[in-house]
1. Counting only residues that are open to solvent by 60 Å² or more (accessible area, probe 1.4 Å), part of a loop (DSSP other than H, G, I, E, B) and in contact with a Leu (Cβ under 8 Å, 6 or more places away or on another chain), how many does region 218-268 have?
2. Write out, first by first residue and then by second, each pair whose Cβ atoms fall under 6 Å of each other, whose residues are 6+ apart or on separate chains, and whose first residue, in region 249-263, is closer than 18 Å to Glu300 by Cα while the second is part of a strand (DSSP E or B) and not basic (Lys, Arg).
3. Look at region 142-174 and say how many of its residues are open to solvent by 50 Å² or more (accessible area, probe 1.4 Å) and in a loop (DSSP other than H, G, I, E, B).
4. So which of Gly95, Gly127 ends up being out of contact with any strand residue (DSSP E or B) (no Cβ under 9 Å at 6 or more places or on another chain) and either on the phi > 0 side of the Ramachandran plot or open to solvent by less than 20 Å² (accessible area, probe 1.4 Å) (or both)?
5. If we scan region 204-212, do we find a residue that is open to solvent by 40 Å² or more (accessible area, probe 1.4 Å) and closer than 12 Å to Ile93 by Cα?
6. Answer with yes or no whether Gly240 is without any contact (Cβ under 8 Å) to a residue 60 or more places away in the chain, more than 25 Å from Ile93 (Cα to Cα), of a type in the set (Gly, Ala, Ser) and out of contact with any Cys (no Cβ under 8 Å at 6 or more places or on another chain).
7. Quick one: Leu215 ticks every box in (1) among the hydrophobic types (A, V, I, L, M, F, W, C); (2) in contact with a strand residue (DSSP E or B) (Cβ under 9 Å, 6 or more places away or on another chain); (3) outside any loop (DSSP other than H, G, I, E, B); (4) closer than 18 Å to Glu275 by Cβ except a single one, so which number is it?
8. Being of a type outside the set (Val, Ile, Thr) and open to solvent by 10 Å² or more (accessible area, probe 1.4 Å) is true for just one of Gly297, Gly278, Gly308, Gly273. Which residue is that?
Amino acid sequence: MDTECFGRQILLSCAGSSVRWGRVLLAVPQSRTLAYRLCELKDSGLGGRAGRRKIWEMQTPELVVSSRANARVKQLRAAFQGHARLSGGMVAIEGDHLLEEALRSGMVLKSVFVSERRAVPGIVPRGVEVLRLTDEVFGSVVETQSPQGVAALMVPPVRVIADLFEGSGAALILIAAGVQDPGNLGTLVRSAEAFGASGVLTTAGTVSAWNQKALRASVGSVFRVPVVGVTAAEVAELKGRGVGLIGAVGTEDAGVVAAQEMDFTQACAVMIGNEGSGLAAEWMEMCDSRVTIPCPGPVESLNAAVAGSLLLYEASRQRGGGADKTKSKSKIQGSFAPLRMTTSQQ
């Protein structure tokens with residue numbers, strides 16, 4: 001039996017009969033079970049209601065991948081481990097929420113993998129390859145301790161610096177300069193979306209935004225926020241676009257401006273450094289200003305993700321994201337003096 005298309009109506013071709021359009025009652029390609037409604041058979045001597053007959057349900061055994069050496073399984077494993085070449089450039093995602101967020105954000109799925117204990121999510125688009133794995137094989141691929149039984153290979157979006165300047169307002173950019181903790185980077189990407197940032201730039205030494213922990217920490221924001229890897233030269237070129245570079249530091253030395261007094265209303269890029277050593281000297285030399293978050297409590301520094309999120313919030317507040325705009329006239333630009341950031345990871 002041949003089908004011309006899947007879904008809605010299907011044209012069946014059966015030996016010995018000329019069959020008109022039939023309507024699909026049930027279609028479950030994963031189990032290779034197709035059930036069809038009554039179809040009009042145009043046979044000799046039959047027609048109209050007399051020609052309405054039930055046609056059979058065709059079912060073949062479901063195929064379950066039980067080998068860890070399966071080509072698709074190996075590709076999924078490579079994607080989870082961050083091997084771009086072995087994964088064919090694909091990104092792995094796991095769990096119902098990330099799958100929903102990816103599809104809601106327009107990401108393109110190549111393959112979906114489900115464990116044998118659960119059903120295929122109904123949101124999986126028609127035409128996407130679906131493979132069912134044994135629980136043992138599925139558990140050997142994913143990285144979480146309690147997997148939800150669904151994972152996917154997706155095509156990562158291609159982002160460029162120009163994407164960060166597509167909006168009509170002044171650009172607000174976050175630069176992760178040497179952020180190594182994937183949870184911190186994912187949180188920063190999430191905060192960038194929450195507070196209306198144009199995007200996130202990552203420098204050499206910064207963890208990939210497609211790292212599994214970063215993905216989970218972003219809670220899907222990485223699918224929508226432009227995250228672009230850049231060189232030092234490309235960061236310096238931002239000044240040619242009228243973007244001021246603001247370095248986040250953990251001290252209140254001379255020339256360092258408190259966050260609430262910094263002018264974030266102009267096009268700017270806030271630089272967050274490494275969790276342990278802060279911004280490297282080469283980044284500090286590029287900065288036009290330095291900003292700090294005053295802390296009345298007896299703490300040495302703030303976590304990099306917390307600091308970046310607070311600065312993005314302050315920028316959003318000054319740009320109209322908050323109710324208090326009374327200080328907008330008193331913002332000052334900080335002057336630059338070399339200083340290393342001393343934020344530490346918590």
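1. Qualifying residue count, region 218-268: 1.
2. Val249/Thr292; Glu252/Thr292; Val256/Thr292; Val257/Val291; Ala259/Val291
3. Number of matching residues: 11.
4. Unique residue meeting the criteria: Gly127.
5. Taking region 204-212 as the starting set, the residues that turn out to be open to solvent by 40 Å² or more (accessible area, probe 1.4 Å) are 204-205, 208, 210-211.
Those still in the list that are closer than 12 Å to Ile93 by Cα too: 210-211.
There is at least one residue in region 204-212 that is open to solvent by 40 Å² or more (accessible area, probe 1.4 Å) and closer than 12 Å to Ile93 by Cα.
6. yes
7. In the conditions (1) among the hydrophobic types (A, V, I, L, M, F, W, C); (2) in contact with a strand residue (DSSP E or B) (Cβ under 9 Å, 6 or more places away or on another chain); (3) outside any loop (DSSP other than H, G, I, E, B); (4) closer than 18 Å to Glu275 by Cβ, Leu215 misses (4) alone.
8. The match here is Gly297.
The values are calculated or read from the model by the stated rules, or taken from the named source; none is laboratory data. All of these numbers come straight from a predicted model, not from anything done at the bench. Neighbour counts are summed over all protein chains in view; Cβ atoms, including those assigned to glycine, are modelled from backbone coordinates with ideal geometry. Calculation scope for accessible area: heavy atoms of the full protein, side chains included, ligands and nucleic acids excluded. Shrake-Rupley method; radii C 1.70, N 1.55, O 1.52, S 1.80 Å.
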